[in-house]
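Engineer: Supplied in structure tokens, the structure appears directly below.
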Amino acid sequence: MAKEYNFKAVEKKWQDYWYNEKVFEKYDYSKPKFYGLIEFPYPSGAGLHVGHIRAFSSMEVIARKKRLEGYNVLFPIGYDAFGLPTENYAMQTKQHPRLVTDKNIVKFEEQLKKIGYSFCWDRTIDTTQPDYYKWTQWVFLQMFKKGLAYKSTTQVNFCPVCKVVLANEESQGGICDRCGAEVVQKEKDVWFLRIRKYADRLLSGLEGLQFPERIKIEQQNWIGKSTGADVTFEVKVGDGKYPLVVYTTRPDTIYGATFLVVSPEHPLLKEHFDVVENKEEVTAYQEQAKLKKEFDRVQMNKDKTGIKIEGMVAINPITGAEIPLFTADYVMMNYGTGAIMAVPAHDKRDWDFAKKFNLPIVEVIKSDVDVQVEPYCAKEGAGIMVNSPLVNGLTVKPAIKKMIEEMEKLGVGHAKTDYKMKDWAFNRQRYWGEPIPIINCPHCGQVPMKEEDLPLVLPDLEDFSPTDDASSPLSKCTEWVNTTCPICGAPATRETDTMPQWAGSSWYFLRYMSPNDNEHIVTPEAYKYWGQVDWYNGGMEHVTRHLIYSRFWNQFLKDIGAITHDEPYLRRSTQGLILGSDGEKMSKSKGNVVNPDDVVNAYGADVLRLFILFIGDYEKPAPWSSDGIKGSARFMNRFWNLQDMLVDECDTSDLNLDALIKKVNDDYEACKFNTAIAFVMTALNTIYARGKVSKKELNTICLLLNPVVPHMTSEMYEIVNDGAKINEQKFPVYDPAKLIADVVEIPVQIMGKVRGRVTVPAGSQEDAVMEKVKELGLLDGKQIIKVIYVKDKIINIVAK
RNA sequence: GCCGAAGUGGUGGAAUGGCAGACGCGGCGGACUCAAAAUCCGCUGUUGGCAACAACGUGCGGGUUCAAGUCCCGCCUUCGGCACCA
């Protein structure tokens, strides 16, 4: 009988070996490389979550497998540690965020090691360390020098509770991402990064990447490229004229433009307010629009509101017709030009507005729909142009082309591309972030710090609580704020905003290649070897933020010659959420949170790892199940007890080892861990039924399972093979010639229903199979009309 | 509203157009045990039948095919993402 398995002792033994002997920190640069990356965790006080286990375990399996296959593997770990939760927690508990961060990182590392992860521990990074954020600041400086970082006054989303300006993506639905409070609009001078300049490259770069299609689509939608035209309408303002530029994707419909709408914030209303006849009404509407939270303004299907601007009238540049001008909050200042030509016949919003204000609706695309009753919204636009002398009879595409040509001839319009993606609001008015390395000089303006002066270290503040006036806590630290201008030497002040959460994670994949280099963002030789991330696993929630931001930074770094690849990640996979056993998202308030430590203590790390990978389709959400954990523990036990059935050799014709190797290998590579494990379970069932296992089978299964359950397989391999180390072996390889059995059982269908089965040698021809089928007697008295035979698979007979 | 993913037993979930329900959980039965737990073995979609077997079965309605969970057309529902984007 095999010795009883003491998971606590065995897991400790192997973890000590791996980590003390630095098994995963030995690099051999003569081997081919594999760079596997997981999204580094935010070291929160709550510690490791079972969601982390799922996210990390997939790449863990791949990394261990690649090592066994002879690759030089980079599988690093680090901590994305700047951010609000730590700062808020620090304030609550009256500790310094530095202290909180350090404590949390120690705890995370301890937990990760108890799971047995094979990370390259010698390369651990922490984005809050000055030697790391020196380079985050360095990238910002380069962007500033290239004109990609700029300050601009805009309406920003301000959370009155967190007292912080939020990026658009952090205040979706008008709700603060962090605290759930309602966001208000506030005017502020803030830093932006010109990510829009990279929009086209971020789109085209997707083509060659091995990303799941839905991720590509989500990024494409986020970037939101649209092609159309800027068209200039002349607006009569008193005796003068104001060229009002509108953006439209359908310049061909200009004959149907019966009115214009500008956003309440549009400069036209400021610059020529004197000619507005209904000043009070317009001002009241503007005030009201400002007060409205973004959320209300964005609600679709709500009643259209707006005000006619008396005293101004616009001229349609194609028809010469005079059309009225409105201001309405359904037109946004931050998209297009903040002004539109309304074509009510063919746009739902314009139609709603026209109905409410009794404006004419002119059909310009032929359809079965009566546009007076409902709009014919042809987004991509099927239909023939009518009532449009210049383009009558044309279909949409040629009509747009023709119309733009005409507009260019007349000098009233030109083709234009626009994007939904906004420039990246790159600032935070909080303490726990990277300081922005810019100095404001009364004589020289915004001056970048000298590179040799980096890092600009975050001062050690005692009071880092946010200020109510939306400025950063750093502004309170005058000795830090006051400095001298690097150019003229005059007294000057530092920027006091810090960088947003996403800054440090935008380039961390490069730091892992040379984590201690103080001269380069990445050591050229290291970059030359490791290059791009071969496989990056992470969550769907980062697809439109982190994953785009880091692609942007990578492309920028290539442009300035710091690196050579356009794209950072070659392949991306995503894990589904682990839900509570009630099928709901895990949360403290629901009391359905599973702590991985508890599972490790009760069942061991191997059982947790096995279960989390077996739980279901890797990409889909899956509910936790404590019964399922027991099943995994049972399987581990069955696996351990294989030792009792061990013989040097036995009849193994009932188990096709090559097919097993192929299945497990292919499924690992495709992130189908659940079916790989299921197949091994089936093999174990076969062996149990037989009662004997050959040494070759046992060793093969040990190696196949080693990436998933490294502790037990290491132990068992050592016992069975006189002290040999499994991590020094080769991952099994199958022989393609042996994948198919000698004889195959073929189901026999009559009229598509299985009526029997025959056993024939593999590769048999139809005649030979039919011979056997006839012996079954299923066809007696029937007339065969047609036979469909798929070799080694199935035979179907159509008969009367 | 738009984009995406999905809907299969009591349950988590498997199925390059080729035997639907692999594998796991749960349940039932048996072996071992004084007994229980653990372990091992068997059964487990529904209906009818003692049984062999038959009919029906992958959200709903049509279709293509020798053959459809899978492909096509039209719906319903759920979950994600985007959202007055001109």
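The values are calculated or read from the model by the stated rules, or taken from the named source; none is laboratory data. These numbers come from a predicted model, not from an experiment. FYI the Cβ positions are ideal-geometry reconstructions off the backbone, even for glycines, and counts take in every protein chain you see.
Engineer: Mind checking which pairs have a first residue in the range A:634-648 that is within 12 Å of residue A:720 (Cα to Cα) and a second that is modelled with pLDDT of 95 or more and charged (D, E, K, R), Cβ under 7 Å, 6 or more apart or different chains?
Structural biologist: If the second residue must be modelled with pLDDT of 95 or more and charged (D, E, K, R), the pairs left are A:646/A:695; A:648/A:695.
Engineer: Shifting gears a bit: Would you call residue A:665 over 19 Å from residue A:731 (Cα atoms) and either in a helix (DSSP H, G or I) or more than 8 Å from RNA strand B (Cβ to nearest atom) (or both)? Give the derivation first.
Structural biologist: On the way: over 19 Å from residue A:731 (Cα atoms): no; either in a helix (DSSP H, G or I) or more than 8 Å from RNA strand B (Cβ to nearest atom) (or both): yes.
Judged against the criteria, residue A:665 is not a match.
Engineer: Report whether or not residue A:536 is closer than 18 Å to residue A:619 by Cβ, at pLDDT 95 or above and away from RNA strand B (no atom under 16 Å from the Cβ).
Structural biologist: Numbers: closer than 18 Å to residue A:619 by Cβ: yes; at pLDDT 95 or above: yes; away from RNA strand B (no atom under 16 Å from the Cβ): yes.
Criteria met by residue A:536.
Engineer: Next up: Condition test on residue A:577, is it surrounded by fewer than 18 Cβ atoms within 10 Å (Cβ to Cβ), of a type outside the set (Ser, Thr, Tyr) and under 25 Å from the mean Cα position of the chain (by Cα)? Break it down into steps so the answer makes sense when it comes.
Structural biologist: Values: surrounded by fewer than 18 Cβ atoms within 10 Å (Cβ to Cβ): yes; of a type outside the set (Ser, Thr, Tyr): yes; under 25 Å from the mean Cα position of the chain (by Cα): yes.
When the stated conditions are applied, residue A:577 passes them.
Engineer: Of all residues in the range A:439-470, how many are at pLDDT below 95, surrounded by fewer than 18 Cβ atoms within 10 Å (Cβ to Cβ) and of a type in the set (A, V, I, L, M)?
Structural biologist: Residues meeting the conditions: 1.
Engineer: Now, a different point. Please count how many residues of the range A:337-381 are closer than 19 Å to residue A:394 by Cβ, part of a helix (DSSP H, G or I) and among the basic types (Lys, Arg).
Structural biologist: Of the residues in the range A:337-381, 0 are closer than 19 Å to residue A:394 by Cβ, part of a helix (DSSP H, G or I) and among the basic types (Lys, Arg).
Engineer: Moving to a separate point now. Select from the range A:786-800 the residues that are part of a strand (DSSP E or B) and either under 11 Å from residue A:770 (Cα atoms) or more than 9 Å from RNA strand B (Cβ to nearest atom) (or both) and list them in ascending order.
Structural biologist: Looking only at the range A:786-800, we keep the residues that are part of a strand (DSSP E or B), and these are A:786-790, A:794-799.
Residues satisfying the conditions are A:787, A:788, A:789, A:795, A:796, A:797, A:799.
Engineer: Same structure, new question: If a residue must be touching a residue at least 24 places away in the same chain (Cβ under 8 Å), within 22 Å of residue A:203 (Cβ to Cβ) and in a helix (DSSP H, G or I), how many such residues does the range A:514-558 contain?
Structural biologist: The number of residues fulfilling the criteria is 14.
Engineer: Within the range A:1-100, which helices (runs of 4 or more DSSP H) (wholly inside it) include 2 or more residues that are under 17 Å from residue A:608 (Cβ atoms) and modelled with pLDDT of 95 or more? Before you say what the answer is, go through the steps one by one.
Structural biologist: Working: elements: A:7-20, A:50-68, A:84-93.
Here the list reads A:7-20, A:50-68.
Engineer: Can you work out which of the residues in the range A:586-628 that are within 9 Å of RNA strand B (Cβ to nearest atom) and in a helix (DSSP H, G or I) is surrounded by the fewest Cβ atoms within 10 Å (Cβ to Cβ)?
Structural biologist: That would be A:627.
Engineer: Still on this structure, please answer the following. Of the residues in the range A:210-230, how many are more than 8 Å from RNA strand B (Cβ to nearest atom) and either within 10 Å of residue A:543 (Cβ to Cβ) or surrounded by 14 or more Cβ atoms within 10 Å (Cβ to Cβ) (or both)?
Structural biologist: Residues meeting the conditions: 9.
Engineer: For the range A:756-775, name all the residues that are among the acidic types (Asp, Glu) and within 15 Å of RNA strand B (Cβ to nearest atom). Full working, then the answer.
Structural biologist: Of the range A:756-775, the ones among the acidic types (Asp, Glu) are A:766-767, A:771, A:775.
Residue satisfying the conditions is A:766 alone.
Engineer: Counting just the residues of the range A:737-748 that are in contact with a Gly (Cβ under 9 Å, 6 or more places away or on another chain) and part of a strand (DSSP E or B), which one comes out surrounded by the fewest Cβ atoms within 10 Å (Cβ to Cβ)? Full working, then the answer.
Structural biologist: Going through the range A:737-748, the residues in contact with a Gly (Cβ under 9 Å, 6 or more places away or on another chain) turn out to be A:740, A:744, A:747-748.
If we keep only those that are part of a strand (DSSP E or B) as well, we get A:744, A:747-748.
Working: A:744: 17, A:747: 13, A:748: 21.
Here the answer is A:747.
Engineer: Residue A:265: buried (at least 18 other Cβ atoms within 10 Å of the Cβ), within 16 Å of RNA strand B (Cβ to nearest atom), of a type in the set (Asp, Glu) and assigned to a loop (DSSP other than H, G, I, E, B), yes or no? Steps first, answer last, please.
Structural biologist: On the way: buried (at least 18 other Cβ atoms within 10 Å of the Cβ): yes; within 16 Å of RNA strand B (Cβ to nearest atom): yes; of a type in the set (Asp, Glu): yes; assigned to a loop (DSSP other than H, G, I, E, B): yes.
Yes: the conditions hold for residue A:265.
Engineer: I need a count of the residues in the range A:408-424 that are within 14 Å of RNA strand B (Cβ to nearest atom) and closer than 11 Å to residue A:318 by Cα.
Structural biologist: Here the count works out to 1.
Engineer: Follow-up. From A:684, A:642, grab the single residue that is within 11 Å of RNA strand B (Cβ to nearest atom), touching a strand residue (DSSP E or B) at 6+ places or on another chain (Cβ under 8 Å), of a type in the set (A, V, I, L, M) and in a helix (DSSP H, G or I).
Structural biologist: Numbers: A:684 fails: touching a strand residue (DSSP E or B) at 6+ places or on another chain (Cβ under 8 Å).
On inspection, the qualifying residue turns out to be A:642.
Engineer: Within the range A:1-26, which residues are exposed (fewer than 15 other Cβ atoms within 10 Å of the Cβ) and within 36 Å of the chain's Cα centre (by Cα)?
Structural biologist: Those that are exposed (fewer than 15 other Cβ atoms within 10 Å of the Cβ) and within 36 Å of the chain's Cα centre (by Cα): A:12, A:16, A:17, A:20, A:21, A:22, A:25, A:26.
Engineer: Can you tell me which residue in the range A:761-785 is nearest to the chain's Cα centre (by Cα), limited to those that are assigned to a strand (DSSP E or B) and closer than 12 Å to residue A:750 by Cβ? Please lay out each step first, then the result.
Structural biologist: Residues of the range A:761-785 that are assigned to a strand (DSSP E or B), as a first pass: A:761, A:784-785.
Right, trim to closer than 12 Å to residue A:750 by Cβ and you get A:784-785.
Numbers: A:784: 57, A:785: 55 Å.
The selected residue is A:785.
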